[in-house]
Amino acid sequence: MSQVSQLKRLGLFDARVPRYTSYPTAPQFAEAVGPSQTAAWLGAIPEGGRISLYVHVPFCRRLCWFCACRTQGTSTLSPVAAYVDTLKLELAQVARHLAPGVTLEHLHWGGGTPTLLSPDLIADLSSAIFAAAPLAEDAQFSVEIDPNEIDGARLDALAAAGMNRASIGIQDFDPEIQETIGRPQSYEITRDAVEGLRARGIDSLNADILYGLPFQTEAKISDSVQKLLSLNPDRVALFGYAHVPWMAKRQALIPTEALPAPEERLQLFDTARNLFVWDGYQEIGIDHFARPGDGLAVAQRAGTMRRNFQGYTEDSSVTLVGVGASAISRYAEGYAQNDASTSGYQRRVRAGELATKRGHAFAGEDLLRARIIEMLLCDFAADLRAAAAETGQPAALALGMAEGLERAFPGVVDVRGGGVAIRDEGRPLTRMIARHFDAYEAAATGHSHAV
């Protein structure tokens, strides 16, 4: 039986499953978690502790049709400036609950388009962040860069603020695909942004590229990947486009009939994957690639790589604090998500309260299941006994969770010696295999294709 036939028989091309950047996943969050829980969880961070911070900027000059992120368009900077003022208030509120000496191990600005901020707003926001919690000496400060929305003055401001890693969204360089997804971005504009970053000493570069886009073919994705390789990024995320127009209304502008079939999506992924591997990149989990000397590749080899809302990371912090509309925080005790609407978020913060609207407090088997799923997504294997010991649960409980796994996925997964291992030919099924350990998952309508 061919690999494609085996994957088809096991349901890969029909399944929709979570990306598992958290467990439980965000659809399971509820309003039982609110500002008081967040305040308590912030207060429990130990004195001198290291945390990570995510800052969400939900504004874009132009809304891309493929995007399912929580964003809104703006033609002026006035709502952005008002939003930055609210972020500063929220940061001050967060700081009031933190013990002395807390520092930032990782700082990431995402969106939306963080580079929409003017140089003075960049300086203003970064000052407010570091007043709340300074960067640790070896910290990583990354920003999502839109090559269409960046110039020398803003690059100077970001470099002056301490940015030392940039993340550039590319999606695809083909003009027909760009027009269809509402994201015009030439190779030349992208190259100029990369050169501007490196001219300012920012040598660590991430790039995102998508497979499964409308009108995408193996020839087109090969051309886009080779152009990306000429920019020599340190790491690449090769994400599958998730077409969910019932959730992201703007995706209705994308013709469904132009989307590749699930089997074609797998071929597109494999085409891109082979090019990255041929060029010397190390495969990282299910959809990332990194130069062997990049921190993510080093963490994978050391067995310390983790997975959070930014995807794969070498971030070792237990706590990830999210600020801004819709931002999600991860504490030792659970998840907390801010009000998703920009107006609702700003109303809460300006009223003097933390913006948490919903979340999830860890209970029962949550942490054990989360650790097993993370192991599978990071390493294609899980030591069940080690996961149980790490989370303070009986080994028998973890071992029992794997019952029936080999019957559900015959020939592609092995359960023996207290561990689970996914064979190479079964790696496209990893998210489906992880779902076996998910006690909450029900409806698949909100999730992306398994491939």
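The values are calculated or read from the model by the stated rules, or taken from the named source; none is laboratory data. Everything numeric here is computed off the predicted structure, so don't read it as measured data. Every residue, glycine as well, gets a Cβ built from its backbone with ideal geometry; the counts of neighbours run over all protein chains shown. Surface areas here come from the heavy atoms of the whole protein model, side chains and all, with no ligands, DNA or RNA. Shrake-Rupley method; radii C 1.70, N 1.55, O 1.52, S 1.80 Å.
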Give me the Kirkwood hydrodynamic radius of the chain, using the inverse of the mean 1/r over all pairs of distinct Cα atoms, in Å to one decimal. 22.7
Average Cα contact separation per residue, the range 236-314, under 8 Å, 6 or more apart, as relative contact order %: 23
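Give me the percent of accessible area attributable to carbon and sulfur for the chain, probe 1.4 angstrom. Write out the running numbers ahead of the final one.
On the way: 9200 of 17760 Å².
Carbon-and-sulfur percentage of accessible area, whole number: 52.
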Quick check on the chain: helices-only [θ] at 222 nm, where DSSP H runs of length 4 and up contribute -39,500 (n - 2.57) each and the sum goes over total residues. Nearest 500, please. -11000 deg cm²/dmol
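Probe radius 1.4 Å, ligands and nucleic acids left out: which of 69, 60 has the largest accessible area, and how do the rest follow? Don't skip to the answer; put the middle values down first.
Values: 69 65, 60 15 Å².
Ranking 69, 60 by accessible area, largest first, yields 69, 60.
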Could you tell me the ratio Rg/Rh of the range 12-60? Both radii from Cα atoms, Rh via Kirkwood. 1.09
May I ask for the equivalent-ellipsoid semi-axes of the range 59-110, computed as the square root of five times each C-alpha gyration tensor eigenvalue and listed largest first in whole Å? 29, 15, 8
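Roughly what % of DSSP beta bridges within the chain run antiparallel, to the nearest 5? Write down the numbers at each step before the final one.
Numbers: 28 of 63 bridges.
For the chain, the DSSP antiparallel bridge percentage is about 45.
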Report the Stokes-Einstein translational diffusion coefficient (µm² s⁻¹, integer) for the range 134-268, Rh taken as the Kirkwood radius over Cα pairs, at 37 °C with viscosity 0.692 mPa s. 204
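Semi-axes of the equivalent ellipsoid of the range 183-327: what are they in whole Å, largest first, if each equals the square root of 5 times a C-alpha gyration tensor eigenvalue? Display every interim value, and only then the final one.
Details: eigenvalues 131, 85, 62 Å².
Three semi-axes, in Å: 26, 21, 18.
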Give me the base-10 log of I(q)/I(0) for the range 307-361 at each q in 0.14, 0.21, 0.25 Å⁻¹, Debye formula, one uniform scatterer per Cα, rounded to two decimals. -0.39, -0.76, -0.95
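Quick check on my link table: of 88/227; 8/249; 220/357; 249/357, which ones sit more than 32 Å apart, alpha carbon to alpha carbon?
Working: 88/227 39 Å; 8/249 30 Å; 220/357 43 Å; 249/357 23 Å.
With Cα atoms farther than 32 Å apart: 88/227; 220/357.
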Heavy-atom accessible area per residue - the range 342-449, 1.4 Å, Å²: 43
The range 76-202, convex hull of Cα, quarter of hull surface, nm² -> 8.5
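Ignoring ligands, DNA and RNA, how do 288, 436 rank by accessible area with a 1.4 Å probe, largest first?
Values: 288 15, 436 60 Å².
Output order, biggest surface exposure first: 436, 288.
Give me the 1.4 Å probe accessible area per residue for the range 1-85, excluding ligands and nucleic acids, in Å².
On a per-residue basis, the range 1-85 sits at 45 Å².
What order do 278, 41 take when sorted by accessible area (1.4 Å probe), most exposed first?
Numbers: 278 200, 41 25 Å².
Ranked list, largest accessible area first: 278, 41.
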Expressed as a fraction of 2.2 N^0.38 Å, the rule-of-thumb size for a compact globular protein of N residues, what is the C-alpha radius of gyration of the range 250-365? 1.46
Quick one: Kirkwood hydrodynamic radius for the range 28-126, alpha-carbon pairs, angstrom, one decimal? 15.4
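Would you kindly calculate the translational diffusion coefficient of the range 332-429, applying Stokes-Einstein with the Kirkwood radius from alpha carbon pairs, for 10 °C and a viscosity of 1.306 mPa s, and quote it in µm² s⁻¹ without decimals? Please list the in-between numbers first.
Working: Rh = 15.8 Å.
For the chosen part, D equals 100 µm²/s.
Averaged per residue, what accessible surface does the range 163-247 expose to a 1.4 Å probe, in Å²?
36
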If contacts are Cα pairs under 8 angstrom and at least 6 residues apart, what is the relative contact order of the chain in percent? 21
Within 10 Å, at most 12 other Cβ atoms, and a DSSP state outside H, G, I, E, B define an exposed site. Report the longest part of the chain free of exposed GluC sites (Glu not before Pro). 48-402
Debye log10 I(q)/I(0) for the range 96-143, one point scatterer per Cα, at q = 0.21, 0.27 Å⁻¹: -0.81, -1.09
Give me the percent relative contact order of the range 332-451, please, defined on Cα pairs under 8 angstrom at least 6 residues apart. 19
